[in-house]
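Below you'll find the structure, written out as structure tokens, and then a few comments.
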2 protein chains.
Amino acid sequence: MLAAVIHGARDVRVQERPEPALRTPHDAVVRVVAACVCGSDLWPYRGVTPTHAPHPIGHEMVGVVEALGDQVTSAQVGDFVILPFSLSCGQCQACRAGFPAVCDVVTFFGSTDRDGHPVDGAQGERVRVPLAQHSLFPVGQSEEEVEARGLVPHLLALADVMSTGMHAATAARVEPGDVVAVVGDGAVGLSGVIAARLRGAGRVIAMSRHADRAALARGFGATDVVAERGDDAPGAIRALLEGDLADAALECVGTKESMAQALSVVRGGGRVGFVGVPNGGPELPMRELFARNLTVGGGMASARRYMEELLPLVLSGQITPGDVFDLTLPLSEIPQAYAAMDERRATKVLVRP
Amino acid sequence: MLAAVIHGARDVRVQERPEPALRTPHDAVVRVVAACVCGSDLWPYRGVTPTHAPHPIGHEMVGVVEALGDQVTSAQVGDFVILPFSLSCGQCQACRAGFPAVCDVVTFFGSTDRDGHPVDGAQGERVRVPLAQHSLFPVGQSEEEVEARGLVPHLLALADVMSTGMHAATAARVEPGDVVAVVGDGAVGLSGVIAARLRGAGRVIAMSRHADRAALARGFGATDVVAERGDDAPGAIRALLEGDLADAALECVGTKESMAQALSVVRGGGRVGFVGVPNGGPELPMRELFARNLTVGGGMASARRYMEELLPLVLSGQITPGDVFDLTLPLSEIPQAYAAMDERRATKVLVRP
């Protein structure tokens, strides 16, 4: 089959890979209907994180179950499923507590599973899915129905970005009536706008300097857009809020600067939910947290958990998180997909095998 | 009047000070019935934080209102009141949000108020109370009743330690059924045990190596005591919990080591509430928070807020947080009070003017 393989900085190729097959009774094989490129895929693409050896890439996908191991009863062959970007057991303490992203045996696409077997990447024609019992998420509609209703992008968004936005809003404990500032206007930040509204935020301030993304944010429910950054941002928000600051902020970027920004725009006793991968590892200033009584929480989103809440909203059309996709390319043009996102010509690229 | 004044390391003296009087229509004058020494008073006492000039000290007290400014309607002359350790306006965004500890004009005993006037310390015979409208907290019983019922220590505990324990449990979002580990067996940690139970924790693990404090913790509702520290602590907790870790931890010390300990004993997706003053300013490891999906929140407790919830529980005898006081001394022996706490001969010392 064909799949994307990253070889190094700015070197992603579509190449022939072994056809996936069941290796354990806990596996599934899924034919990929759509995948996409994540902001975090750009770290190795840009060479910020090194690629020591070529490996398959991509961790967001929807598809159709083609084969199931004997122990997998949570789906049927032929089911249209979403795969969360991290695969989990459903039984360890973290899974039971609602945090499958930090499952004891968490497994990632494009990596290896707990038995040491290689795991395919999502940017390809098919994948073997370890830990399939808990990880497969059937949507209850056929491939034909999903395609006919144009739901593919919206369901695909649940695999990562929309669930990640929900995690940001959940970690920030957004409550009804809250004023929420969203730091970052990429696909995750835009999803965070939807999530803040779903949790009842009364006012959502999108921090954006890009007219197209700001417009999408407003379409998703943002009530205000603030272009100011850095030291100017708190003042701009105070100007909007009659001297107040936000109750909560969603940190959807993952840099030291974006975390400092998020901390700066919330009131005393405020909350910051963070989901940006902290590339470079900024440290949190304890004395500021103490002095301002702030709460900071977050990390990798437990997509599997949020899908249950989000799926009905997608099926009913209440949310359209797939609107973050502004370019669709065939798998054969994966290098162009990465380049478009790297050069910010696209917010998020959907890829069709 | 007589009051304690700190002059430098290990030099706290009782000396004559000006009699407090109303300076603004927002002030009150309160006669101190009981005060106490806080763990945080030991930082200047030990010279860890420098004392640049002699100043009155002490920030925990209960007493009787002797005079009220024209604008203060929240209490009457003669009322027995608790004073929260930080004074607040009740009107700014932080106060409205339930975080008076980070009030825009927060004012501390032994310091100066927003008008630049000196503020007395609580370890003395009387205090002028700025921001009295929001800060005075009448208990609804007379001095005679309170004394006759032996409630002084329990009410005094609400001024700081018990409220601080509540803040730790609230910041850690302790929920019914949670397993909660309490790091620190001082007066705040012991109060945290009470607080965790009040919030419905199913199991409270006191981390203590002192038999007397461990016994008090059990009396307050701790179900388990773990003596292990550092790298041995998570294993000891897993041994108690059939392989699991705690859902939440209360960090009640304020050192880099105690925060690392708290982070180490919670499960993926766990929560840490911190109230120890971060002396030395440890930084939080973002990558660990991200990788383990942890939430950290806390800071200085908004005692004024928790008093409303805690007062009825003290009056009914449901909680007895004043049991943390294991030594009572007259104000004249304040040097001995500091020495007893410094040398760990007492957990917390109550001082009577």
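Other protein chain C-beta atoms within 10 Å of residue C-beta, averaged over A:298-304: 4. For the stretch A:164-298, build the charge dipole from Cβ charges (+1 Lys, Arg; -1 Asp, Glu) around the Cα centre, then report which of A:A206, A:L190, A:A260 sits farthest towards its positive end. Result: A:L190. Quote the FRET efficiency, to the nearest 0.05, computed for A:D70 versus B:V105 with a Förster distance R0 of 45 Å and r equal to the Cβ-Cβ distance. It comes out at approximately 0.10. Here the protein assembly as shown is treated with +1 on each Lys and Arg Cβ and -1 on each Asp and Glu Cβ, and its dipole about the Cα centre works out to around 420 debye. Other protein chain C-beta atoms within 10 Å of residue C-beta, averaged over B:100-110: 2. As a proxy for reagent exposure, B:M259, A:M307 were ordered by neighbouring Cβ count within 10 angstrom, fewest first; the result is A:M307, B:M259. Note on chain B: dipole from Cβ charges, positive end direction compared against B:F109, B:L155, B:V272; the farthest Cα belongs to B:V272. Rounded to the nearest 20, the size of the Cβ-charge dipole of the stretch B:1-129 about its Cα centre is 280 debye, with Lys and Arg at +1 and Asp and Glu at -1.
As a length-normalised measure over Cα pairs under 8 Å and 6 or more apart, the relative contact order of chain A settles at 18 percent. Label point of A:P25 (7 Å along Cα→beta-carbon): distances to the other copies' equivalent points are 8.2 nm, sorted ascending. Comparing B:V324, B:V72, B:V174 in a Gaussian network model of chain B, where Cα atoms under 10 Å apart are tied by springs, the biggest mean-square fluctuation is seen for B:V72. Rounded, prolate or oblate: which fits the stretch A:164-298 when a ≥ b ≥ c are the square roots of the eigenvalues of the alpha-carbon gyration tensor, with rounded for a/c under 1.5 and prolate only if a/b beats b/c? It comes out rounded by the Cα gyration axes. Between identical copies, the spacing of A:E145 label points, each set 7 Å from Cα toward the C-beta atom, reads 6.6 nm from nearest to farthest. Adding -39500 (n - 2.57) for every DSSP H run of four residues or longer, then dividing by how many residues chain B holds, sets the calculated 222 nm ellipticity at -8000 deg cm²/dmol. Using Cβ point charges alone (K and R +1, D and E -1), the dipole size of chain B about the Cα centre works out to roughly 580 debye.
Coordinate-derived values only; no laboratory data. Since this is a predicted model, take the numbers as computed values, not measurements. Don't worry about glycine lacking a Cβ; one is built from the backbone with ideal geometry, like all the others, and counts go over all protein chains shown.
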